[in-house]
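Take a look at the structure below.
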Amino acid sequence: MISVNEARERILSHFQPAAIESLALIACANRVLAVDITAAHDLPLFDNSAMDGFAVCADDTSASGTTLRHAEPRSVSNRQATTLQQAQGITLSVVADIPAGSAPTVTLAKGEAARIMTGAQLPAGANAVIPVEDTDFNNREAGIPAPKTISFAKIVKTGDNVRRRGMDIQAGAVILSKGRTLKPQDLGLLAMLGIGNVQVYKKPRVGLLSSGDELLDVDAPLESGKIRDSNSYTLAALIESAGAEVLRLGVAQDARESVEALLQKAVHEDADFILSSAGVSVGSFDFIKTVIESKGRLDFWRVNMRPGKPLAFGEYLDKPVIGLPGNPVSAFVGFEIFVRPVLGRLSGKLDGSRRTVYVRSEKEIESDGRESYLRAKIREENGVLTAGLTTSHQGSGNLLSLVQADALLIIPAGVKCVPAGQEVEAYLL
Ligand code: AMP
Ligand code: MG
């Protein structure tokens, strides 16, 4: 038996990031960046107002301003002067009206202000904005013209309510790195920077097949001795959750020609690799191995794990094939351990594996010494995540217990008992 890590590394060594394509920004959510993105210009693009209000020169609003002069110079410690000034108020004449989207043409002189809207460019001579709420201009309905003068009783400091050019991002900065899975907010940032087409990795395409004479489609009437093909639904959704596309090949019968036909289809349609479930054990009807070997090579491993010990990896006509076990929980676990990392690498992700967390075991947990993935419920107690095994049995056909589980606890190889209260690594589901 080989270790989980060794099996994973051996499989991963056969895969390289997929090709790159240029996509319209609108189509880039959840796609993986294939290049570093550098800002071509500053953000904000220009000094602009963070509020609806009046653009002013901060000096004009202090004791040294032209409109209001005090004998004593204002200083931080001189509370009296400030109080006096606030009580009296400051009046400036409004010389321009600057809506968002317009390029201001005025230069404010001493004693002058301009009405300005949120996002509008600051006029020359202004370095602060006094919010409309802090002025005597009460009429804030849409369509009302700017007032002739404006009065307020507030000290304004340079930079108040101004979003300065380049305060968020400076031209030349690397803002998103190659390998990042693009989030909605990333798309917004790319739009801000005028990047309408993005270099991303092509989505991997996985040829997916189930195998077994016992399998019926979900819509087919039941027949005695038959079961429904559930793996193709679980695995297809897992593939999509990893950002890849599914090429549904259908169900192979336990017969050489049937398996051959589906593998040929995957080759013909140029899937990046083939993912099968079942038919790779030592049963007399497990034809997948024979077919792969007839036109390629096959490694069949017993991996030191539970569930999901049998795992096949090979190449059929140069197409990689990963053969997962057939039992539904084993197929799921096998996907998470071996296939998700492959999809991560193929799609160029920096880290394509699931993240793990540490949880505290509620009770003693027994294991059989193989690396085990046990279904567990997670509770939060006083800010600590604690885990207890799901109440029903951990058999690899018991899909309901996986449905009920919040996590897979990872019990390392060689461990036969985890004492109550001990920390255990886990995949949250
Ligand atoms: P096998 O590896 O072919 O011996 O299959 C192992 C177990 O998994 C058997 O009980 C199969 O019936 C079951 N099984 C195989 N494929 C599927 C599938 N696609 N959906 C649900 N169960 C399956
Ligand atoms: Mg079978």
Subject >> Listed pairs K226/K265; K183/K377; K265/K309; K295/K319; K309/K363 exceeding 19 Å between Cα atoms >> reply: K226/K265; K183/K377; K265/K309; K309/K363
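Please arrange V56, V95, V174 by how many other C-beta atoms lie within 10 Å of their C-beta, fewest to most.
Values: V56 29, V95 18, V174 10.
Ascending number of Cβ neighbours within 10 Å: V174, V95, V56.
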**OP:** Bin width 5 Å, alpha-carbon pairs only: give the P(r) of the stretch 122-208 as whole percents, running from 0 to the bin holding the largest distance.
**Re:** 2, 9, 14, 14, 11, 9, 10, 10, 8, 5, 3, 2, 2, 1, 0
**OP:** Considering only DSSP beta bridges where both residues belong to the stretch 254-384, give the percentage that are antiparallel (nearest 5).
**Re:** 70 percent
**OP:** Calculate for the chain the 222 nm mean residue ellipticity that helices alone would give, adding -39,500 (n - 2.57) per DSSP H run of length 4 or more and normalising by residue count, nearest 500 deg cm²/dmol.
**Re:** -5000 deg cm²/dmol
**OP:** Rank by packing, highest mean first: peptides 405-412, 237-244, with packing defined as the count of other Cβ atoms within 10 Å averaged across residues.
**Re:** 405-412, 237-244
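Direction-averaged shadow area of the convex hull around the Cα atoms of the stretch 277-332, nm²? Let's see the in-between values first.
Details: hull surface 14.4 nm².
Computed as one quarter of the Cα hull surface, the answer is 3.6 nm².
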Subject >> Equivalent ellipsoid semi-axes, the stretch 320-429, via Cα gyration tensor eigenvalues times 5, rooted, Å >> reply: 24, 17, 13
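Sorting I288, I144 on the 10 Å Cβ count, fewest up front, what's the list? Could you put the intermediate results ahead of the total?
Values: I288 29, I144 11.
The fewest-first ordering by Cβ neighbours comes to I144, I288.
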**OP:** Name the residue, out of G179, G143, G212, whose mean-square fluctuation peaks in a Gaussian network model built on the chain with Cα pairs under 10 Å.
**Re:** G143
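Which three numbers, in whole Å and largest first, are the semi-axes of the equivalent ellipsoid of the chain derived from its Cα gyration tensor as √(5λ)? Don't jump to the answer; show the numbers that get you there.
Details: eigenvalues 873, 143, 66 Å².
Square roots of five times the eigenvalues give 66, 27, 18 Å.
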Original post:
For the chain, modelled as a Gaussian network with Cα springs under 10 Å, which listed residue fluctuates most, V106, V251, V35?
Top reply: V106
**OP:** Largest first and in whole Å, give the semi-axes of the stretch 377-426's equivalent ellipsoid, each being the square root of 5 times a Cα gyration tensor eigenvalue.
**Re:** 19, 16, 8
**OP:** For helix 256-268, report the angle its Cα long axis makes with the longest principal axis of the Cα atoms of the chain; keep it between 0 and 90° and round to the nearest 10°.
**Re:** 30 degrees
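Please identify the GluC sites (Glu not before Pro) of the stretch 275-374 that satisfy two criteria: DSSP loop assignment and at most 11 other Cβ atoms within 10 Å. Which are they?
Working: sites: E293, E315, E336, E362, E364, E366, E371; in loops: E362, E364.
Hits after loop and neighbour filter: E364.
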**OP:** Within 10 Å of each residue's Cβ, count the other Cβ atoms and sort L33, L298 from fewest upward.
**Re:** L298, L33
Original post:
Convex hull volume of the Cα atoms in the stretch 138-266, per residue, in Å³?
Top reply: 276 Å³
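The numbers here are math on the coordinates, done by the rules we state, and not lab data. These numbers were taken from a predicted model, which means no experiment stands behind them. Glycine gets a Cβ as well: all are built from the backbone with ideal geometry, and neighbour counts include every protein chain shown.
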